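Accompanying notes for the structure given below.
The values are calculated or read from the model by the stated rules, or taken from the named source; none is laboratory data. Since this is a predicted model, take the numbers as computed values, not measurements. Glycine gets a Cβ as well: all are built from the backbone with ideal geometry, and neighbour counts include every protein chain shown. What goes into the accessible areas is simple: the full protein's heavy atoms, side chains included, and nothing from ligands, DNA or RNA. Shrake-Rupley method; radii C 1.70, N 1.55, O 1.52, S 1.80 Å.
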Amino acid sequence: MAAPWEDVLREEAAVREAARLAVDAALLAGVLMRTEEEPNASEVVNYAPFTLLPSAVPSALFEQAYAVQQDFNLLVDAISQNREFLEHTLASTIKVDDFTARLFRIYTQVLEEGLAQSVFLGINRSDYMFDCGADGTPALKQIEINTIAASFGGLTSRTLAVHRQVLKVLGKAEEASRLVPNNPSQGLALGIVKAWELYGSQSAVVMFLVEEVQRNIFDQRCVENELWNRNIRVIRKRFRDVFEKGSLDDARRLYIDGQEVAVVYYREGYVPQNYDPQNWEARLLLERSRAVKCPDIATQLAGTKKVQQELTRPGTLERLLPGRAASVARIRATFAGLYSLDLGEEGDKVAAKAIAAPDCFVLKPQREGGGNNLYGEELRHVLEKIKDSPERTSYILMDKIKPQPSKNYLLRPHSPLKISECISELGIFGVYVRQGKEMMMNKSAGHLLRTKAIEHADGGVAAGVAVLDTPYLV
């Protein structure tokens, strides 16, 4: 799966010159993050980490990932509407995982009160790796699907131009012309625009719900600017602003600072650290409102690891997507081995198998954001400690994907330039909008390639491990 850069990688002087140019090109293109020292100030910024060269991606697997995205959009939406499935699937998890349990309590409270929301917007990202089987043939295997705050659609829209320029400078103009066009920030914005239109108030705003620490603000600004360009007003608020200034009128319209909110786009709220008692109150207020939440709490629950594992059970996809045999087949073809650790004979066998061969598996908690999974000896240690405890049901077990490494340079601020053995993860953004029972939009919205050195088992760009990349189809 080698890209045609082997000759370039051997020319140290050319690489150094290209790296200097690449950093300038990234700054010019707006591939930016705030610094760790000043995460809430834009006076001093630096480039977001990225690869010097695009990474090879098998074109057949790239096309497969795009082809299945609309199916995954339908699946996530179907799960979010299926109370019985969510209650059954998460029954063991909510007994031991307080975060999932609190989300679930809000979910049931809002359902019992009756949903005020009639328009539903999903922005998700399905992430894959390329598993090299026993015969060395790469296969597309899903790692997870992110249904809340799926990031880097903005910055990856701008990374493409940087890689095009680097290739040209290195005498690869022909290859540069073959890089696939990619603009997720526009695709994500079109979903928000559609939801805003269907909400039906020209004067209402779109609210980005953002974290207290906002290093990755420029990624969000890319999407935000697409909305401003369409004359849609955008406000940025934190949970505490919602708690202090948010209110509902008799029709459960959401107001903040006197402005009606049509769409709430979450870039926050996906890990326990995002919540204190006031923030939980704010989340409940948002969920009770008529505003279009992206995601609503049911869709966030649809993205949990336990749901991902349950989907691999025989017959589950068929029940969730009746009459869609082709969609079911496309989805199932991407599944890696996923196993339940629920208490009982099945879970006991799975736990014993993982303890005996920890390097063959990944232990996953119900968390988003990268850096949470356990591997190898750490996996064995944790499983041995909790193997007879209900705590183990807050995890799922997954077969470890074995991709083929390739060489690249990972450009990071203040880091020496050195070649690394790397592996990549491909994400496809999906957007859908449903009004009542009618699907109004369902599309893929672009891709994200992230690459990391093989010594790092887990973690994304925001976690400081992976870097932004561009696929070169081979």
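Restricting attention to the range 234-263, the residues that are farther than 14 Å from Ala282 by Cβ and under 25 Å from the mean Cα position of the chain (by Cα) total 5.
Residues are listed down the side, and each one gets a yes or a no for (1) out of contact with any Ser or Thr (no Cβ under 8 Å at 6 or more places or on another chain); (2) of a type in the set (D, E, K, R); (3) within 23 Å of Val162 (Cα to Cα):
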{"site": "Glu36", "(1), (2), (3)": "yes, yes, no"}
{"site": "Val57", "(1), (2), (3)": "no, no, yes"}
{"site": "Gln64", "(1), (2), (3)": "no, no, no"}
{"site": "Gln69", "(1), (2), (3)": "no, no, no"}
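As a summary of the residue check, Ser420 satisfies the conditions (1) within 20 Å of Ala336 (Cα to Cα); (2) modelled with pLDDT of 90 or more except for the one numbered (1). Which of the residues belonging to the range 130-143 are touching a residue at least 24 places away in the same chain (Cβ under 8 Å) and either buried (at least 19 other Cβ atoms within 10 Å of the Cβ) or hydroxyl-bearing (Ser, Thr, Tyr) (or both)? Phe130, Leu140, Lys141, Gln142, Ile143, listed by residue number.
For the range 225-248, taking the residues that are in a loop (DSSP other than H, G, I, E, B) and on the phi < 0 side of the Ramachandran plot, the one that is least open to solvent (accessible area, probe 1.4 Å) is identified as Ile232.
Could you please let me know if Gly122 is assigned by the TED database to the domain that holds Phe208, assigned to a helix (DSSP H, G or I) and at pLDDT 95 or above? Spelling it out, it is not the case that Gly122 is assigned by the TED database to the domain that holds Phe208, assigned to a helix (DSSP H, G or I) and at pLDDT 95 or above.
Taking the criterion of being open to solvent by 10 Å² or more (accessible area, probe 1.4 Å) and out of contact with any strand residue (DSSP E or B) (no Cβ under 6 Å at 6 or more places or on another chain), the residues of the range 144-165 that qualify are Ser151, Ser157, Arg158, Leu160, Ala161, Arg164, Gln165. Summed over the range 22-45, the residues that are surrounded by fewer than 17 Cβ atoms within 10 Å (Cβ to Cβ) and outside any loop (DSSP other than H, G, I, E, B) give a count of 3.
Table: residues versus (1) on the phi > 0 side of the Ramachandran plot; (2) within 22 Å of the chain's Cα centre (by Cα); (3) not in a loop (DSSP other than H, G, I, E, B).
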site: Pro403; (1), (2), (3): no, yes, no
site: Lys407; (1), (2), (3): no, no, yes
site: Ser420; (1), (2), (3): no, no, yes
site: Gly427; (1), (2), (3): no, yes, yes
site: Val431; (1), (2), (3): no, yes, yes
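Taking the numbered list (1) at pLDDT 95 or above; (2) open to solvent by less than 30 Å² (accessible area, probe 1.4 Å) in turn, Leu111 passes all entries but (2). Name every residue in the range 167-182 that is small (Gly, Ala, Ser), exposed (fewer than 15 other Cβ atoms within 10 Å of the Cβ) and in a helix (DSSP H, G or I), in order of residue number. Within the range 167-182, Ala173 is the sole residue that qualifies. One residue stands out in the range 388-406 among those that are open to solvent by 70 Å² or more (accessible area, probe 1.4 Å) and either out of contact with any helix residue (DSSP H, G or I) (no Cβ under 6 Å at 6 or more places or on another chain) or acidic (Asp, Glu) (or both): the one that is nearest to Leu343 (Cα to Cα), namely Asp388. Among the criteria (1) farther than 30 Å from Glu175 by Cα; (2) open to solvent by 20 Å² or more (accessible area, probe 1.4 Å), the one Glu63 does not fulfil is (1).
Could you please find all residues in the range 68-84 being part of a helix (DSSP H, G or I) and within 18 Å of the chain's Cα centre (by Cα)?
As a first pass, look at the range 68-84 and keep what is part of a helix (DSSP H, G or I): 69-80, 83-84.
Within the range 68-84, Gln69, Gln70, Asp71, Phe72, Asn73, Leu74, Leu75, Val76, Asp77, Ile79, Ser80 qualify.
Kindly indicate whether Ser201 is open to solvent by less than 50 Å² (accessible area, probe 1.4 Å), within 17 Å of the chain's Cα centre (by Cα) and of a type in the set (Ser, Thr, Tyr).
No, not satisfied.
Considering the range 212-224, and only residues there that are acidic (Asp, Glu) and surrounded by 20 or more Cβ atoms within 10 Å (Cβ to Cβ), the residue that is nearest to the chain's Cα centre (by Cα) turns out to be Asp219.
Checked against (1) of a type in the set (A, V, I, L, M, F, W, C); (2) at pLDDT 95 or above; (3) more than 18 Å from Glu224 (Cβ to Cβ), Val205 passes all but condition (3). Would you pick out the residues in the range 66-95 that are hydrophobic (A, V, I, L, M, F, W, C) and surrounded by fewer than 18 Cβ atoms within 10 Å (Cβ to Cβ)? Hits for the range 66-95 are Ala67, Ala78, Ala91.
One residue stands out among those in the range 255-272 that are in contact (Cβ under 8 Å) with a residue 40 or more places away in the chain and touching an Asp or Glu at 6+ places or on another chain (Cβ under 8 Å): the one that is surrounded by the fewest Cβ atoms within 10 Å (Cβ to Cβ), which is Pro272. Total residues in the range 327-373 satisfying the condition of being without any contact (Cβ under 8 Å) to a residue 40 or more places away in the chain, surrounded by fewer than 18 Cβ atoms within 10 Å (Cβ to Cβ), assigned to a helix (DSSP H, G or I) and over 20 Å from the mean Cα position of the chain (by Cα): the figure is 9.
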